[in-house]
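Presented below is the structure to which this report refers.
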Amino acid sequence: MNAFALTEDQIAIRDMAQDFAAETLAPHAARWDEEKHFPVEEMRAAAALGMGGIYIQEDVGGSGLTRLDAALIFEALSTGCPTVAAYISIHNMCAWMIDRYGDGEQRQRFLPKLCTMEHLASYCLTEPGAGSDAAALKTKAVLDGDHYVLDGQKQFISGAGVSDVYVVMARTGEPGPSGISTIVVEKDTPGLSFGANEKKMGWNAQPTRAVIFENCRVPVANRLGPEGIGFKIAMAGLDGGRLNIGACSIGGAQGALDKALAYAKERKAFGSPIADFQAMQFKLADMATELEAARTFLWRAAAALDAKTPDATKLCAMAKRVATDTGFEVANDALQIHGGYGYLADYGIEKIVRDLRVHQILEGTNEVMRMIVARGLVGRAKGN
């Protein structure tokens, strides 16, 4: 891709995901939200098209695509349902962590079924007392022969209770980030249990539960990499996860903008369609412009992550903040354009607003994104 155009292959990938979203996700999204239904079979259908292991290597069944390709896919999927697209993003992030940091045996054992989504994955970092300050996590993994014994609790875990694989950051050593390791915990491991499904503002089509470890024995063979690099693994996963969730925000907002434009053409006030009023035209123009600016920046950050540039982490943080803030604002404006009808579930706008609001919090709050960017700026100014 040059700076301003997608390749033919990328356009085909995007269109494939767009068609899948329109045909398989969008017609059922409102019902899934209302019934709190987790559409596992539909996600496996997405995986059959290569979306279960988007940037996983091909030798274990992955698609071997780029981070930019992934951004196109998640934006397209989110036009159908941001909630489902976001879970597929988290699943892909977990699979990538195993692909990147796992040894040959681990990759062959876990990834083929993750790429088909026969098995689902959950990312376990956040704890009740360690959200933004993730390095303060307290879940312990104590070595006992050829096993670790895990004790502790993770909070706000997407897919918990349904997923088959839990990529867990646990403390195996000293306080702080250098004492954290990454351990893959498999479903049905004795000592693994789950809290109740949380009652949430949005994201109702995926379960969110606490993950609880009580004397949970996990083989040392399930640790990714050596002890002490778990925080590095977690943060590396989040670089891509932030791009993906930003793409989900852009896709959801694009769907809301499309609905608002169609409504503005049909809705009449004072004898004319409201789309004929200059104030409405300017509002729609601003929404489209802000969304395109966020999309372009997200692509820039994705290209940097693909190229492994030194500023990739900073750009991913910037793009996540811009994309999720913009996505929510555009969706909220789309609701306002609908007036009272936007507040009704029948029009599908209020669901998008509810779903996109959490994107400003997860994968690192947008305040943390500012901290990441500011530290780089201040460090550079000091010559560090």
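The values are calculated or read from the model by the stated rules, or taken from the named source; none is laboratory data. Quick caveat, the model's predicted, so the values are computed rather than measured. Positions of Cβ are backbone-derived with ideal geometry, glycine not excepted, and every protein chain shown enters the neighbour counts. Heads up: the accessible areas ignore ligands, DNA and RNA and are worked out on the full protein's heavy atoms, side chains in. Shrake-Rupley method; radii C 1.70, N 1.55, O 1.52, S 1.80 Å.
May I ask which residue of Ala141, Asn204, Thr189 lies farthest towards the positive end of the charge dipole of region 87-214, with charges of +1 (Lys, Arg) and -1 (Asp, Glu) on Cβ and the Cα centre as origin? After comparing all options, I get Asn204. For Glu214 and His37, the difference between the fully extended length at 0.36 nm per residue and the C-alpha to C-alpha distance is 60.9 nm. Rounded to the nearest 500, the 222 nm mean residue ellipticity of the chain from helices alone is -16500 deg cm²/dmol, with -39,500 (n - 2.57) taken per DSSP H run of at least 4 residues. Computed from label points 7 Å out along Cα-Cβ, the spacing between Lys232 and Asp144 is 2.9 nm. Please work out the FRET efficiency for the pair Ala5 and Lys308, using the Cβ-Cβ distance as r and a Förster radius of 25 Å; give the result to the nearest 0.05. Given R0 = 25 Å and the Cβ-Cβ separation, E is 0.65. Region 213-250 and region 102-156 have their alpha-carbon centroids 7 Å apart. Computed on the chain, with alpha-carbon pairs under 8 angstrom and 6+ residues apart, the relative contact order is 16 percent.
For His147, nonlocal amide neighbours, meaning residues 5 or more places apart or on other chains whose placed amide H falls under 5 Å from its own, are Val220.
When the C-alpha to C-alpha distance is required to be over 30 Å, the pairs from Lys36/Lys320; Lys113/Lys308; Lys199/Lys268; Lys36/Lys113; Lys199/Lys259 that qualify are Lys199/Lys268.
Just how large is the dipole of the chain about the Cα centre, in debye to the nearest 20, putting +1 at every Lys and Arg Cβ and -1 at every Asp and Glu Cβ?
Working: 39 positive and 47 negative charges, 210 e Å.
My answer is approximately 1000 debye.
Annotation: extensible slack from Glu266 through Ala26 equals 84.3 nm (criterion: 0.36 nm per residue apart, minus Cα-Cα distance).
Exposed loop sites were defined as GluC sites (Glu not before Pro) in DSSP loop states (anything but H, G, I, E or B) carrying at most 15 other C-beta atoms within 10 Å; in the chain the longest segment without such a site runs 199-384. In a shell of Cβ-Cβ distance under 12 Å around Ala17, excluding Ala17 itself, what net charge do Lys and Arg (+1) and Asp and Glu (-1) give? Local net charge: -4.
For the chain, leaving out every one of the chymotrypsin sites (Phe, Trp or Tyr not before Pro) that falls in a DSSP loop and has at most 12 other Cβ atoms within 10 Å, the longest unbroken run is 5-269. Measuring nothing but protein heavy atoms, the accessible surface of the chain at 1.4 Å probe radius is 54 percent carbon and sulfur. Our estimate of slack between Asp133 and Ser178, defined as 0.36 nm per intervening residue step minus the Cα-Cα distance, is 14.8 nm.
Spread over its residues, the convex hull of the C-alpha atoms of region 109-201 is 122 Å³ per residue.
With K and R counted +1 and D and E -1, the other residues having a Cβ less than 14 Å from that of Ala196 yield a net charge of +3. Other residues with beta-carbon under 14 Å from the beta-carbon of Arg44 carry, at +1 per Lys or Arg and -1 per Asp or Glu, a net charge of -3.
If the only charges are +1 at each Lys and Arg Cβ and -1 at each Asp and Glu Cβ, what is the size of the charge dipole of region 258-302 around the Cα centre, to the nearest 20 debye?
Approximately 100 debye in magnitude.
Relative to the Cα centre, the charge distribution of region 232-383, modelled as +1 at Lys and Arg Cβ and -1 at Asp and Glu Cβ, gives a dipole magnitude of about 600 debye. DSSP bridge analysis restricted to region 82-188 gives an antiparallel fraction near 70%, rounded to the nearest 5.
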